[in-house]
Amino acid sequence: MWYSKSKEQVVEELDVNPESGLSESEAETRLAKFGANQLRAQKRRSILQMFLRQLRDALIYVLFGAVLITFFMGEYIDAVIILLVILINGILGVIQQVKAGNAIEALRNLSAPKSFVKRNGIVKEIDSQYLVPGDIVVLDAGRFVAADLRLVESANLQIEESALTGESVPSEKNAEVVLAHEETALGDMTNSAFMSTLVTSGSGVGVVVETGMNTEVGKIAGIIELEKESQTPLEKRLAELGKTLGKIAVGICVVMFVLAWFQGRNIVDMFLTSVSLAVASIPEGLAAIVAVVLSIGVTKMAKRKAIIKKLPAVETLGSVNIVCYDKTGTLTQNKMTVVSYFNLGESEVVPEPGRTKSSEEAILLAKAMILSSDATYENGTGTGDPTEIALLIFGDALGIDRQELANNNTRAGEIAFDSDRKLMSTLEDDNGRLRVFVKGAIDSLISRCTHVRVGGEVVPLAENQIREYNRATENMTAKALRTLAAAYKPVDSVIDSVKMEYDLILIGMVGIIDPPRAEVKDSILKAKQAGITTIMITGDHKNTAFAIAKELGIAEQPE
């Protein structure tokens, strides 16, 4: 596996120079060999094939039998009417499948990602469908990964992989890592990047190792493609009804014919009578009525922006008794949000912008978080790490003018975040006043602090104050909040990065969560009232999962 090999081994096996990439001629050769970097779309059936599939139903077979019998009996009008019913049913089904297919195709065409790739020593942007194994792809913040890559360079690279792993927090990537274990889980492949994931911060370079259906996303698409079609509850019941009606019709014919035989009646007359009774027992209008009613349901669903591919599928919703939801991005917003903050003497829920006057410590806490951040957020759109975007929004809620803050502060030094230190630090020049700002995990940060801010004053950090922070951390963790702390220290001149993260003054910390979607709670309540059991699927810690489930009304107590 690519992730268990060094980057040097991978580029050697793929016969590519990471500095110059593939030549155009070699890329064309590999494209012909491996095919386009696209997920294979299911082959669309012709109109005739779709129409014939609409006729594969026991009730339709019975109606065809009725058409033949009435035709031979000379009841041509009845035969035509029944045949029209069959045609209407088939045409409505075909129309719905064509409309659904066109809608799905339109959604697929909305996404036409492009990639920066090295070809002939030049970095150029190409359509991602032309990527081939061995291509050297350049990654930067805000760009989707267009194929499966083995990273060869990484600089503070973080990739949001919730589509594959369900984790709302971006994964940190490191090109230097070699994973020895061949059964490594997807979320632990820190030296790889996967198709359809999003770069949230940092930069990197990767070599394409798999494209199209061979990627991890492609494997999922392949599994879905091989799934056998199953009948909806309505289709099963209509099929049973068709079989039952067919048996009843044959039974009537046999009974009437046998009675006529024993009574010495005219056999031909009794045969016609028994056939007439059999045809009369068949509800010719049922198929059309069902098709029309389902079409109305499909139309209503379309108005709610839901695409129904097959007419009978809309009825399946009425038969649901268990619904399983993925937590991240479905039940939750997949958007980190600061919901509370703590410093000595103050523990507050984050206010709505302009609603509350914040304390000096809260303002300094937010400024420290903002200044030690590389994210951006303007007009409801952000780039970078979701946690850092949440910190910018936190500053907005406290009324901080981030543009003015940026204008007054110039970054004079920086230590990037890494997973060993669990800290990020910057040295800021505020019109000649130099200060170091540090943010990170509370357990990593508090051990580097010698002082703490209390009521606008800086005092030595005592054991009882450390215990208060520990209690606050436990309280936030019990509410499924991730904690992030901030500290600072004034300095007289630009100092070496080694000295930046010691002898700090602790300011406070924030609690962050991926909040539930506002509309989800009412939906779950309605489902519960309808007798539907809701199950949440997540890889989160038990406490985090339960806190979300309890807030949404899915669970009352942990199992």
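Entry for region 466-559 at q = 0.10, 0.23 Å⁻¹: log10 I(q)/I(0) = -0.46, -1.16, Debye formula applied to identical alpha-carbon scatterers, no solvent contribution. Distance between the pseudo-spin-label points of residue 381 and residue 496 (7 Å out from Cα toward the beta carbon): 4.5 nm. Couplings 3J(HN,Hα) for region 505-513, derived from phi with the Karplus relation 6.51 cos²θ - 1.76 cosθ + 1.60 (θ = phi - 60°), are 10, 6, 9, x, 8, 10, x, 10, 8 Hz, where x marks Gly and Pro. To the nearest 10, the accessible area of residue 417 is 80 Å² with a 1.4 Å probe. At full extension, residue 53 and residue 521 could sit 164.5 nm farther apart than now, given 0.36 nm per residue minus the alpha carbon distance.
If you average the sequence gap of Cα pairs under 8 Å that are 6 or more apart and divide by the length of region 370-514, what percent do you get for the contact order?
Working: 234 pairs, mean separation 31.0, N = 145.
Rounded, it is 21 percent for region 370-514.
Placing dummy labels 7 Å off each Cα toward the beta-carbon, the span from residue 296 to residue 259 is 3.8 nm.
Please list 493, 295 from largest to smallest accessible area, probe radius 1.4 Å, with all protein chains kept in place.
Numbers: 493 65, 295 30 Å².
Final ranking, largest accessible area leading: 493, 295.
What spacing in nm lies between the two simple spin-label points modelled at residue 172 and residue 220, each 7 Å away from Cα in the Cβ direction? In this crude label model, residue 172 to residue 220 measures out at 2.5 nm.
Order 28, 501, 216 by their accessible area, 1.4 angstrom probe, all chains in place, largest first.
Numbers: 28 130, 501 10, 216 50 Å².
Result of the area sort, largest leading: 28, 216, 501.
Here region 385-470 has an Rg and Dmax of 14.7, 38 Å, counting Cα atoms alone.
Could you state the number of Å between the C-alpha centres of region 1-22 and region 438-452? So the separation of the two Cα centres works out to 40 Å.
Of the two radii for region 112-198, the radius of gyration is 0.96 times the Kirkwood radius, both from the alpha carbons; that is the Rg over Rh value.
Region 465-487 and region 186-205 have Cα centres separated by 30 Å.
Dividing the radius of gyration of the alpha carbons in region 3-96 by their Kirkwood radius gives 1.52 for Rg/Rh. The figure for residue 29 is an accessible area of roughly 90 square angstrom, using a 1.4 Å probe on the protein chains alone.
Sorting 205-211, 318-324 by average packing, meaning the other beta carbons within 10 Å per residue, from highest down gives 205-211, 318-324. Gain on full extension, evaluated as 0.36 nm per residue between residue 143 and residue 77 minus their Cα-Cα distance, stands at 17.3 nm.
FRET efficiency for residue 84 and residue 24, Cβ-Cβ distance as r, R0 = 41 Å, nearest 0.05? Mind dumping the intermediate values first?
Details: r = 60 Å, r/R0 = 1.46.
The computed FRET efficiency comes out at 0.10.
For a Förster distance of 30 Å, can you work out the FRET efficiency between the beta-carbons of residue 198 and residue 532, rounded to the nearest 0.05? Walk me through the numbers before you get to the answer.
Details: r = 33 Å, r/R0 = 1.08.
Calculated transfer efficiency: 0.40.
Annotation for region 1-43: trypsin sites (Lys or Arg not before Pro) lying in DSSP loop with at most 12 further Cβ atoms inside 10 Å of their Cβ are 43. Summing charges over neighbours of residue 304, with a neighbour being any other residue whose Cβ is under 14 Å away from its Cβ, gives +3 when K and R count +1 and D and E count -1.
Multiply the residue gap between residue 454 and residue 61 by 0.36 nm, knock off their C-alpha separation, and tell me the result in nm, one decimal place. Before the final figure, lay out each step's value.
Working: separation 393, 0.36 × 393 = 141.48 nm, distance 8.28 nm.
Gain in length upon complete extension: 133.2 nm.
Using C-alpha pairs below 8 Å separated by at least 6 residues, the relative contact order for region 380-450 is 19 percent.
Send over a whole-number figure in Å² for the accessible area per residue of region 414-559, probe 1.4 Å. Each step should come with its number before you reach the end.
Numbers: 7740 Å² over 146 residues.
That works out to 53 Å² per residue.
Max-minus-min Cα coordinates of region 340-498 on each principal axis give 37, 37, 32 Å, with the largest extent listed first.
The values are calculated or read from the model by the stated rules, or taken from the named source; none is laboratory data. Quantities reported herein were computed from a predicted structural model and do not represent experimental measurements. Counting neighbours? That spans all protein chains shown, and the Cβs are built from the backbone with ideal geometry, glycine included. In case anyone asks, the SASA skips ligands and DNA or RNA and just uses the protein heavy atoms, side chains included. Shrake-Rupley method; radii C 1.70, N 1.55, O 1.52, S 1.80 Å.
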